[in-house]
1. What pairs come up if the first residue lies in segment 165-183 and is crowded, with 16+ Cβ neighbours inside 10 Å, the second is of a type in the set (Val, Ile, Thr), and their beta carbons are under 7 Å apart, counting only those six or more places apart or on different chains?
2. If you check ALA358 against the conditions, is it under 21 Å from ASP408 (Cβ atoms), in contact (Cβ under 8 Å) with a residue 60 or more places away in the chain and surrounded by 21 or more Cβ atoms within 10 Å (Cβ to Cβ)?
3. Quick check on GLY222: is it of a type in the set (Gly, Ala, Ser), surrounded by fewer than 16 Cβ atoms within 10 Å (Cβ to Cβ) and over 18 Å from ILE326 (Cβ atoms)?
4. Give the residues of segment 286-313 that are over 26 Å from TYR223 (Cα atoms) and not in a helix (DSSP H, G or I), sorted by residue number.
5. What single numbered condition from (1) assigned to a helix (DSSP H, G or I); (2) surrounded by 22 or more Cβ atoms within 10 Å (Cβ to Cβ) fails to hold for MET325?
6. Which of (1) in contact with a helix residue (DSSP H, G or I) (Cβ under 6 Å, 6 or more places away or on another chain); (2) over 29 Å from LYS55 (Cα atoms) does VAL313 not meet, given it meets every other one?
7. Considering each residue of segment 15-40, count those that are outside any helix (DSSP H, G or I), within 19 Å of the chain's Cα centre (by Cα) and either surrounded by fewer than 24 Cβ atoms within 10 Å (Cβ to Cβ) or at pLDDT 95 or above (or both), and give that number.
8. Confirm whether ASP215 is of a type outside the set (Lys, Arg), in contact (Cβ under 8 Å) with a residue 60 or more places away in the chain and within 27 Å of LEU406 (Cα to Cα).
Amino acid sequence: MFKVLVIAYYYPPLGLSGVQRTVKFTKYMKRFGWEPTVITSGNVAYFAHDFSLLKETEDAGVRIIRTEAFDVNSLLGKQYETVSMPKEFIRKTLSRISKAVFIPDNKNAWAKKAFLAAKKLLEKEKFDIIFVTVPPFSGFVAASKLKKEFGIPLFVDYRDLWFGNHFSFYPTPYHSYKHKKLEYAALRSADKVIAINRKIKEKILLTYPFLTFKDVIIIPHGYDPEDFSSSEEKVVPSNKMKLTYSGIFYENISPEFILRAFKQLSVERPDIAANIELEFIGHLRKENKKLILELGLDEFVRDHGYLEHSEAVKKLKLSDVLWMMIGNIHNADTISTSKLFEYIGTRKPILGCVVDGAAKATLEEYGAAFITKPDDVSEIKNTIIELHNLFVHKKFPVPDEEFVLLHDRIYLTEQLTKAFQFYLKAE
């Protein structure tokens, strides 16, 4: 087998969406002749832990090397402890302080330890490719140093933009200059750049003209077909339409507008509202629960809390409509959350309250999506009414199956390993 060294801070037992892509790549690499070794974080507190995903990697025989280093999340709790996400104002304030203090990010200490662990490994074993997934971007800096020292081809996987990221904060011109300089140097050392969508590819090429169109390839997010085939659950018949959200709320991703739309619906069409359940999987957060009570919607809402991935998939499969939103924010057009592609794997109708950009384009291609502006309460309300009418008459649209199959994680892993091998053959 060929061997690939994967550098990824976010990896099980850490949970949430940041781990999914790398977990599934490493799970399936051996099918295509590539043996992964993952260098990742050690025992840290985090907002969610998912030991079912850790078992997946263990069952797939993935070798994992953990590096212990200071992590700011561990200030909130003990090792491997799941800590509560603070109120959004506090979280955002702490995030900005962190971005002012740490360049490129607060995972610098981990990245240095990961570099040393990788260096020790590379001195003993031969690897064909180094694969680093970002964020955190400090991991890319460490991987570029490994490339320079050992001459092993380096692939970097952009799950989000670095410079000009939609959540970026540059308190001084120096911060902006330093981030761009670090990214420029890291990209100069990379042999191939992978982006999750066309918008990210375009912005990287515009920012760094030394890269060519062929230097950046697109491999989107996806869904794991095994998650859906192995998550059968007895369906309890219900006349109510289940409208479900899976994930967390932060920054520009908020349930406020759909809740206000549903409040209007409950006043104007109580008959329809009484036939809909709003289900939340993940971290609903205290301020959102407070808003639900203020609007008098608690009788319509079911909060399942954070569930391990396998359990969350079961809930998605038992839903009638899945909801997502991306609000207005700088460079929001580059966002295409992994949650959206998990939704696609269910083949259920999707209500997408999104801005123009990558996510909207994906929903349009999916073919079973209902798209509104993220903050238009009236439009969201009317779309829920339309969905309910289709639900009652059993006339939901069917997604484009060919498009769905293009986002199978097994197929996407094959595309990644083919890119590895094409590069090695071209050397």
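The values are calculated or read from the model by the stated rules, or taken from the named source; none is laboratory data. This is a predicted model, so every value here is computed, not measured. Ideal geometry is used to build each Cβ from the backbone, glycine not excepted, and the neighbour counts take in all protein chains shown.
1. Partner pairs satisfying both residue conditions: HIS166/ILE329; HIS166/THR334; HIS166/ILE335; HIS175/ILE103; HIS179/ILE103; LEU182/VAL141.
2. Yes: the conditions hold for ALA358.
3. Here the answer is no, as GLY222 does not meet what is asked.
4. Of everything in segment 286-313, those that are over 26 Å from TYR223 (Cα atoms) and not in a helix (DSSP H, G or I) turn out to be LEU295, GLY296, LEU297, ASP298, GLU299, PHE300, VAL301.
5. If we test MET325 against (1) assigned to a helix (DSSP H, G or I); (2) surrounded by 22 or more Cβ atoms within 10 Å (Cβ to Cβ), just (1) comes out false.
6. In the conditions (1) in contact with a helix residue (DSSP H, G or I) (Cβ under 6 Å, 6 or more places away or on another chain); (2) over 29 Å from LYS55 (Cα atoms), VAL313 misses (2) alone.
7. 3
8. Spelling it out, it is not the case that ASP215 is of a type outside the set (Lys, Arg), in contact (Cβ under 8 Å) with a residue 60 or more places away in the chain and within 27 Å of LEU406 (Cα to Cα).
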